[in-house]
Amino acid sequence: MKVTTLLTILTAAPAICFAGVPDAYETSIPVDHIYSPAGFNNNDNAEVVITGILPDLCHKAPKSSVSVKDGKINVSVKAMRKNNGLAFCTLVRLPYTEVVKIGVLDKGKYDIAVNEKTNFEFSGKLAISESQSNSIGDTIYANVDQIERVNNDRRTVLLKGLSPSDCFELKEIEVRDNGIDTYSILPKLRKIREYCPKNLIPFSYEFEVPEKLDADKVLLHVRVMDGRSVNAFFNNRPLLD
């Protein structure tokens, strides 16, 4: 009887030890860079792009949350970490990119604090200018959904997508930079007639990446329709063939 009781207790021990422990939980993750696009005004939905590296394969699905108070943008970047008990996590480091949607901000200069008061604290800055119009989304941007590099040209990329109607044509591609590591690309459209039937038209606009910034890797931040953006990294110092 005593042997049976002891075996029952030992068998139930793992369940007792791990009862109530979640399979996964959120935890802050390392950040290695903040890209702050130039050209946002107080009518735009501002964004920054954060990159980092997940420390192992137990970390999954990075995500961010934002709060703004007293000229400071606080960003929390976390991932779900699998709770695998006493087992080791596979030490494969995986890079991640998180587009952080901040929203409409007042004119001014903002400090960015990422994962403040954690082991992975990181900081940056973002400038917001005064809009020349009272209307949000006054400028119409091309509906770009892909940035494709042209293989035979070191600095030429294609902005590709679907236009919602044939009543729009490309007016200009305006380029701004933050002086450090990001080109803001604004593919502006103009309306050529009032009647705009819905008719998806594929487009491909050629764009030459400037050589103004010195960073080895720069962010191409393309503003598109509906306050969205498409982002891609560009090797600014390609190796010679």
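The values are calculated or read from the model by the stated rules, or taken from the named source; none is laboratory data. Keep in mind the model is a prediction, meaning the values are calculated, not measured. Positions of Cβ are generated from backbone atoms using ideal geometry, with glycine treated the same way; all protein chains shown enter the neighbour counts.
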Open item on the list: I'm told V92 meets every condition in (1) surrounded by 13 or more Cβ atoms within 10 Å (Cβ to Cβ); (2) under 22 Å from A79 (Cα atoms) except one. Can you identify the failing condition by its number?
Closed with: (1)
TODO: Please state which one of K82, K60 is under 24 Å from F233 (Cα atoms), of a type in the set (K, R), modelled with pLDDT under 95 and surrounded by 12 or more Cβ atoms within 10 Å (Cβ to Cβ).
DONE: K60
- [ ] Please verify whether region 165-183 includes one or more residues that are surrounded by fewer than 18 Cβ atoms within 10 Å (Cβ to Cβ) and of a type in the set (S, T, N, Q).
- [x] yes
TODO: Pull up region 209-230, narrow it to residues that are in a strand (DSSP E or B) and β-branched (V, I, T), then point me to the one that is nearest to the chain's Cα centre (by Cα).
DONE: V230
- [ ] Determine whether region 83-94 contains at least one residue that is within 18 Å of the chain's Cα centre (by Cα) and in a strand (DSSP E or B).
- [x] yes
Task: region 199-222 residues that are modelled with pLDDT under 95, paired with ones that are in a loop (DSSP other than H, G, I, E, B) and β-branched (V, I, T) (beta carbon under 7 Å, 6 or more apart) - done: none
Task: Breaking point among (1) crowded, with 17+ Cβ neighbours inside 10 Å; (2) not in a strand (DSSP E or B), for T118 - done: (1)
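Let's see how each residue does on (1) outside the structural domain of K198 (by TED's automatic domain parsing); (2) touching a strand residue (DSSP E or B) at 6+ places or on another chain (Cβ under 9 Å):
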{"position": "D70", "(1), (2)": "yes, no"}
{"position": "V75", "(1), (2)": "yes, yes"}
{"position": "N84", "(1), (2)": "yes, no"}
{"position": "K107", "(1), (2)": "yes, yes"}
{"position": "R155", "(1), (2)": "no, yes"}
{"position": "K171", "(1), (2)": "no, yes"}
- [ ] Restrict the check to region 126-147 and report whether at least one residue is under 21 Å from the mean Cα position of the chain (by Cα) and over 19 Å from S229 (Cβ atoms).
- [x] no
Task: Lone qualifier among R176, R190 - being assigned to a strand (DSSP E or B) and modelled with pLDDT of 95 or more - done: R176
TODO: For N43, state whether it is modelled with pLDDT of 95 or more and assigned by TED's automatic domain parsing to the domain that holds F122.
DONE: no
Task: Those residues of region 85-117 which are among the polar types (S, T, N, Q) and modelled with pLDDT of 95 or more, in sequence order - done: T97, N115
TODO: Could you list all residues from region 36-86 that are on the phi > 0 side of the Ramachandran plot and acidic (D, E)?
DONE: D70
Open item on the list: For the list (1) assigned by TED's automatic domain parsing to the domain that holds K217; (2) in a loop (DSSP other than H, G, I, E, B), I need the number of the one condition that T139 fails.
Closed with: (1)
